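Every number in this text was worked out from the coordinates using simple rules, so none of it is lab data. This structure is a prediction, so every number in the text was calculated from the model and none was measured. Here the Cβ positions follow ideal geometry from the backbone for every residue, glycine too, while neighbour counts run over all protein chains shown.
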């Protein structure tokens, strides 16, 4: 069974630009969540989608947005990039809401903003 | 709110040494507790979990016991190997049964020398 796939692996963007990151969950997983990982703040929850609906959102500005498609694939978008947005963005999927359904993470997209 | 505090590294051990990484948490109710591991260049992998007090999670020789009285979930391994070198994250989920929104500790870098 294929794991969670994130594309691209690396991105370099300039301040003020926007970027779109893609995530394909494990087949059959309907919940997709996104995390930001930085050396200073560690891992922080961005948002989660289930059946194309955002169910929960972390404490990030409105420049960070996402969506989920009917095939459960998800994208996240960051507009008006700032230097502080440089981070590893991790996507995770899970099959259902249950204590016995852990998150499965992708290898991440490394975003560098110059 | 929820928070996780884990011992900061880096931790450097010789092969076959005993490992302990401390983790304590603050949360309301009855969270689920997790240890995730991140190898260089990769996303996070679930190492073990415990969903209620006194549960012991175990995997690949690693163990952790959910101690509600001390709000702790310390990770232990009796004999580490070079291949255990990675960053270890303690995390909790307290979202009414949903595991997608995790609160992570800062991570502990473990290096095992031959």
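Arrange the following residues from fewest to most other Cβ atoms within 10 Å of their Cβ: B:7, A:76.
Details: B:7 17, A:76 23.
Least crowded to most crowded, the residues run B:7, A:76.
List the relative contact order of region A:1-53 as a percent without decimals, with contacts defined as Cα pairs under 8 Å and 6+ residues apart.
Computed over region A:1-53, the figure is 29 percent.
Below 8 Å, C-alpha to C-alpha, sequence gap of six or more: please give me the relative contact order for chain B in percent.
36 percent
Using the number of other C-beta atoms within 10 angstrom as an exposure proxy, rank A:23, A:91 with the fewest first.
On the way: A:23 27, A:91 30.
Starting with the residue having the fewest Cβ neighbours, the order is A:23, A:91.
Would you work out the relative contact order for chain A, in percent, from Cα pairs under 8 angstrom that are 6 or more residues apart? Write down the numbers at each step before the final one.
Values: 289 pairs, mean separation 41.5, N = 114.
36 percent.
Rank these for me by crowding, B:87, A:32, going from fewest to most other beta carbons within 10 Å.
Final ranking by Cβ density, sparse to dense: B:87, A:32.
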